[in-house]
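Comments concern the structure below.
The values are calculated or read from the model by the stated rules, or taken from the named source; none is laboratory data. These numbers were taken from a predicted model, which means no experiment stands behind them. Backbone-built Cβ (ideal geometry, glycine too); neighbour counts: all protein chains shown. Just the protein is used for accessible areas: all its heavy atoms, side chains included, with ligands, DNA and RNA removed. Shrake-Rupley method; radii C 1.70, N 1.55, O 1.52, S 1.80 Å.
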Amino acid sequence: MKTNYLFPHSCKKLGWFVLIPFLVLAIAYFALKLEPEWLNVKVFAIFDDEFFGKFKFFHFVQNNIIDEIISIGILVGGFLVAFSKEKIEDEFISKIRYESLLWATYLNYTILAFSIIFMYGGIFFWVMTFNLFTILTFFIIRFNWIIYSYKKQIEDEK
């Protein structure tokens, strides 16, 4: 399997360097209701709907951009971690990558279906927000766990 769609292996370290601080910042944001005043800025919105108000297109809105910064940081870091080559990128690693992505997708949509059926109101919004990151998160966890387990198994056999 060709892996020309993957980032170079060196991007994985950069990905962890970006991902971990933004995950810590996300926890602080939710736990402490962190919204620094200096991040209240006017931003361009292609589409905006005020709560139970009218729809607006292509205009500027006042917004605290910490959640956007955190989200982009997690996405960029997550993409670099998830889609960077391993030191040795062979067919076995490709198989694990494929199976992990499939497993993460199944799990993500299972959670989504469960949420649609059993969650309502504001909590549904939060589940959908976190659901944006679950495929990447589940993929990274499973892929790295399988690689770790495989390496440990090889070491134990020696």
(request) For residues that are under 27 Å from F79 (Cβ atoms), free of Cβ contacts under 8 Å to residues at least 24 places away in the same chain and open to solvent by 70 Å² or more (accessible area, probe 1.4 Å), tally how many sit in the range 33-64. (result) 3
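Which count do you get for residues in the range 113-157 that are among the hydrophobic types (A, V, I, L, M, F, W, C) and more than 29 Å from G15 (Cβ to Cβ)? Can you show your working first?
In the first step, residues of the range 113-157 are kept if they are among the hydrophobic types (A, V, I, L, M, F, W, C); the result is 113-114, 116-119, 123-128, 130, 132-133, 135-136, 138-141, 143, 145-147, 154.
This time we only want the ones that are more than 29 Å from G15 (Cβ to Cβ), so: 113-114, 116-119, 123-124.
The qualifying residues number 8.
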(message) Name the single residue that is farthest from the chain's Cα centre (by Cα) among those in the range 127-155 being open to solvent by 60 Å² or more (accessible area, probe 1.4 Å) and more than 18 Å from F92 (Cβ to Cβ).
(response) I141
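On the basis of being surrounded by 14 or more Cβ atoms within 10 Å (Cβ to Cβ), in a helix (DSSP H, G or I), more than 15 Å from the chain's Cα centre (by Cα) and not basic (K, R), does L112 make the cut? Can you show your working first?
Values: surrounded by 14 or more Cβ atoms within 10 Å (Cβ to Cβ): yes; in a helix (DSSP H, G or I): yes; more than 15 Å from the chain's Cα centre (by Cα): yes; not basic (K, R): yes.
When the stated conditions are applied, L112 passes them.
In the set L34, L80, which member is closer than 30 Å to A104 by Cβ, hydrophobic (A, V, I, L, M, F, W, C) and either at pLDDT below 90 or in contact with an Asp or Glu (Cβ under 7 Å, 6 or more places away or on another chain) (or both)? Walk me through it before giving the result.
Working: L80 fails: either at pLDDT below 90 or in contact with an Asp or Glu (Cβ under 7 Å, 6 or more places away or on another chain) (or both).
Being closer than 30 Å to A104 by Cβ, hydrophobic (A, V, I, L, M, F, W, C) and either at pLDDT below 90 or in contact with an Asp or Glu (Cβ under 7 Å, 6 or more places away or on another chain) (or both) holds for just one of L34, L80, which is L34.
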(request) Could you check I88 against (1) open to solvent by 70 Å² or more (accessible area, probe 1.4 Å); (2) assigned to a helix (DSSP H, G or I) and say which number it fails? (result) (2)
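Evaluate the following for E68: is it in a helix (DSSP H, G or I), surrounded by 12 or more Cβ atoms within 10 Å (Cβ to Cβ) and either over 19 Å from the mean Cα position of the chain (by Cα) or charged (D, E, K, R) (or both)?
Values: in a helix (DSSP H, G or I): yes; surrounded by 12 or more Cβ atoms within 10 Å (Cβ to Cβ): yes; either over 19 Å from the mean Cα position of the chain (by Cα) or charged (D, E, K, R) (or both): yes.
So E68 fits the description; yes.
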